[in-house]
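The structure appears right after this line, and notes come after that.
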Amino acid sequence: MPVFQVKAIIIENSQMARDIWRMKIYSPEITKAAYPGQFLMLRVRDELLPLLRRPFSFSTINVSEGIFSILYKVVGHGTRLMTKMLAGESVGVLAPLGRGFSKPPDGTKRVWLLAGGIGIAPFFALLEMLKRDSSKLEISLFYGAATGEELVDCRFFENNNCKVNLCTDDGTCGLHGLITDSVERACSLTILPDFFYSCGPTPMQSKVIEWAKCNGIRGQVSMETYMACGMGVCLGCSISKKFFTGNKNEETNYLRVCREGPVFSIGEEN
Amino acid sequence: MINLEVTLGPLKLPNPVMVASGTFGYGLEYSSLLDISKLGGIVVKGLSLKPRPGNPPPRIVETCAGLINSIGLENVGVEDFINKKLPLLLKRDVPVIVNILGNTVEEYAEVGNILSDAEGISALEINISCPNVKSGGIIFGTDPKQAYNVVSAVRKNTSLPLITKLTPNVTDIGMMAKVVVEAGTDIISAINTVSAMAVDINTRKPKLANVFGGLSGPAIKPIALKKVWDVVNTVDVPVIGIGGISSYEDALEFLLIGAQAIQVGTANFINPGTSIEIIEGIRSFLERNNIDDINKFIGSLELDTAK
Ligand SMILES: Cc1cc2nc3c(=O)[nH]c(=O)nc-3n(C[C@H](O)[C@H](O)[C@H](O)COP(=O)(O)OP(=O)(O)OC[C@H]3O[C@@H](n4cnc5c(N)ncnc54)[C@H](O)[C@@H]3O)c2cc1C
Ligand SMILES: Cc1cc2nc3c(=O)[nH]c(=O)nc-3n(C[C@H](O)[C@H](O)[C@H](O)COP(=O)(O)O)c2cc1C
Ligand code: FES
């Protein structure tokens, strides 16, 4: 798998919801090589602050135009600086990195996408891939945020025949409660999915994994950790295998999120 | 033609720019992004006798112009390295230096012994910044007697050029340098990371699971420069400067004060091509200043002695 280290031109950088922005970047070689669920390391600027590159998932991948985008949430110094960048400026990108989502197993009819907050980002590209490979899949999105103002526009999902279920922690939009509450409720009302994809904060992921195990559903989760190199070198991004398997004996069996992940399979031996 | 070749006692390097242990994996991870055969040398991740899992996460945190890590010396173990990693790396025609670690004097000696029998290795670098489990976890490199024991034990087991990597977390690094030279090291490298910690006032928790770790990156460069200065001025063996080097100017500062080579660490994470750019940068600097040999620049710091 090729990895490119480039200076790429920003095509657009605009706000999508409260504290949530989208940056479109032109790089035909990266766009062509990227796969949904993979990520990139962005050099916010050539200065000492912030020092390290910041990891972001590919949100959309448009091969014909040579443009990909990231959807990012403003949480700290680096992402705050990113909102100041303008179209036409260039930005350092190291990509594509990590293992992305894979197709659901043959015979899968129903797929759920579970997105917590900015975890919605990679699902734009994923949905496109799923639709391209199998137009007959029945896909539902469960998408939650702290408050209604932090939810991004979901028309892309609706327009692609994907049923959208929203929820917010404060009840300002959709169901009042956490995404895992929303999923639990759906479970009691409709038929369970054959496969799921989940992306969101780590506490949500651990609940999702528990839910998947209880119901015997296979799927994939995309994880977030701190990263320094993004290329399997620093060993800083490790996560315990026990997080996925629950097996105490695997407590010190560490996996690199940037290399063995960021997407990990649940419910099968990997 | 500008000469960049440097000779560090028994170790000859094509140029003075190496990559530091723990920041370049086992040598090949970055090879798709740069021509690693241009490097002065590759120091691979520290190896122990058996594979080690490392510390629980979170293991890294960024601070002002620096990175604190508590990786916990995770590595594949010396056997796996020799069987699976080394043969591929040796095809690249670049000096390979193996960083070694242990929790007992015997472990260091054994790892040194095993590597001496492997072919193609250019030198060993002893990381003495490890806790000694047999003496209450004291860091070997902070206790002169234990540092002596480790280095002399490895020395007995190998005829490879021996580098000892010093920790800055001591009161008198010059004294530690003398001790490891007495124990038989050929070369000294300095510095390893600076002991550090970070906490979160909102969660009231440490930012690293291990509570503390080692600081690296541009933040430590002035500290490193002084420590290297202290070593250069107390012992006669060649010294390799490490700490916060991210540009050719940084590299030249260490060479100016008398280091004969340097290693690039944290900067690799930000730009894997840093070392190659440093080599090019040094070459053009020498050209601009009409210096035909890097060795004429090394140690050429001018001190105002009139005062
Ligand atoms: C594989 C991967 C994919 C990601 N994809 C996206 C994405 O598509 N969109 C997006 O907005 N964010 C994504 N993130 C998270 C993103 O990298 C961080 O939010 C970003 O690095 C924060 O930088 P900062 O300088 O603004 O924040 P900092 O000043 O570094 O930190 C501010 C706050 O953010 C938290 N934080 C910082 N880095 C991370 C991290 N890597 N993971 C979790 N929390 C962090 C800190 O705990 C702190 O509270 C991803 C992370 C990974 C590992
Ligand atoms: C993530 C990480 C892992 C490291 N692992 C090792 C190691 O295994 N052995 C060692 O001797 N030094 C190790 N070091 C220390 C570096 O080799 C170097 O001495 C230090 O980072 C200072 O240089 P820098 O500021 O250029 O990074 C590590 C440093 C980092 C950041
Ligand atoms: S981020 Fe460096 S190993 Fe994963």
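Quick notes on this structure:
- Residue in the range A:45-65 that is surrounded by 14 or more Cβ atoms within 10 Å (Cβ to Cβ), under 27 Å from B:ASN69 (Cα atoms) and of a type in the set (Ser, Thr, Tyr) present: yes
- Filtered by the rule that a residue be within 14 Å of chain A (Cβ to nearest Cβ) and in a strand (DSSP E or B), the range B:232-278 gives a lone residue, B:VAL264.
Matching residues to (1) basic (Lys, Arg); (2) surrounded by 22 or more Cβ atoms within 10 Å (Cβ to Cβ):
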position: A:CYS229; (1), (2): no, yes
position: A:VAL233; (1), (2): no, yes
position: A:SER240; (1), (2): no, no
position: A:GLU251; (1), (2): no, no
position: A:ARG256; (1), (2): yes, yes
position: A:ARG259; (1), (2): yes, no
position: A:PRO262; (1), (2): no, yes
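- Only one of the listed residues (A:ALA87, A:ALA115, A:ALA95) is within 29 Å of B:LEU28 (Cα to Cα) and at pLDDT 95 or above. That residue is A:ALA95.
- Restricting A:ALA17, A:ALA33, A:ALA8 to residues that are under 20 Å from A:LEU114 (Cα atoms) and of a type in the set (A, V, I, L, M) narrows the list to A:ALA17.
- Subset of the range B:58-91 [assigned to a loop (DSSP other than H, G, I, E, B) and among the polar types (S, T, N, Q)]: B:SER70
- For B:ASN290, the criteria (1) assigned to a helix (DSSP H, G or I); (2) without any contact (Cβ under 8 Å) to a residue 60 or more places away in the chain; (3) more than 17 Å from the chain's Cα centre (by Cα); (4) away from every other protein chain (no Cβ under 14 Å) hold in every case but one, which is (1).
- Test for A:ASP194: is it at pLDDT below 95, touching a Gly at 6+ places or on another chain (Cβ under 8 Å), in the same structural domain as A:ILE120 (by TED's automatic domain parsing) and surrounded by fewer than 20 Cβ atoms within 10 Å (Cβ to Cβ): yes
- Hey, A:PRO104 within 16 Å of ligand 3 (Cβ to nearest atom) and either in contact with a helix residue (DSSP H, G or I) (Cβ under 9 Å, 6 or more places away or on another chain) or basic (Lys, Arg) (or both) or not: no
- Some residue of the range B:22-40 being at pLDDT 95 or above, more than 11 Å from chain A (Cβ to nearest Cβ) and within 24 Å of B:GLU110 (Cα to Cα): no
- Subset of the range B:173-212 [farther than 13 Å from B:VAL239 by Cα, in contact with a helix residue (DSSP H, G or I) (Cβ under 8 Å, 6 or more places away or on another chain) and away from ligand 2 (no atom under 16 Å from the Cβ)]: B:MET175, B:VAL179, B:GLU182, B:ALA183, B:GLY184
- Residue that is farthest from the other protein chains (Cβ to nearest Cβ), among those in the range B:63-94 that are buried (at least 17 other Cβ atoms within 10 Å of the Cβ), in contact (Cβ under 8 Å) with a residue 40 or more places away in the chain and not hydrophobic (A, V, I, L, M, F, W, C): B:LYS85
- Among the conditions (1) in contact (Cβ under 8 Å) with a residue 24 or more places away in the chain; (2) surrounded by fewer than 20 Cβ atoms within 10 Å (Cβ to Cβ); (3) more than 14 Å from chain B (Cβ to nearest Cβ), A:LEU151 misses just one, which is (2).
- Condition met for B:ASN55 (over 22 Å from B:ALA267 (Cβ atoms), in contact with a strand residue (DSSP E or B) (Cβ under 7 Å, 6 or more places away or on another chain) and either within 14 Å of another protein chain (Cβ to nearest Cβ) or assigned to a loop (DSSP other than H, G, I, E, B) (or both)): no
- Close pairs (7 angstrom Cβ cut-off, 6 or more residues apart or separate chains): over 18 Å from A:LEU126 (Cβ atoms) in the range A:62-82, near ligand 1 (Cβ under 6 Å from one of its atoms) and of a type outside the set (Lys, Arg) anywhere: A:LYS73/A:THR79; A:LYS73/A:ILE118; A:HIS77/A:PRO50; A:GLY78/A:PRO50; A:THR79/A:TYR72; A:MET82/A:TYR72
- A:ILE70 farther than 19 Å from A:THR202 by Cα, within 12 Å of the chain's Cα centre (by Cα) and not in a helix (DSSP H, G or I): yes
- Of all residues in the range A:206-223 being within 16 Å of ligand 1 (Cβ to nearest atom) and free of Cβ contacts under 8 Å to residues at least 60 places away in the same chain, the one that is surrounded by the fewest Cβ atoms within 10 Å (Cβ to Cβ): A:SER206
- Flag if B:SER159 is more than 22 Å from B:GLY27 (Cα to Cα), free of Cβ contacts under 8 Å to residues at least 24 places away in the same chain and among the hydroxyl-bearing types (Ser, Thr, Tyr): no
The values are calculated or read from the model by the stated rules, or taken from the named source; none is laboratory data. Remember, it's a predicted structure, so these values are computed and weren't measured experimentally. FYI the Cβ positions are ideal-geometry reconstructions off the backbone, even for glycines, and counts take in every protein chain you see.
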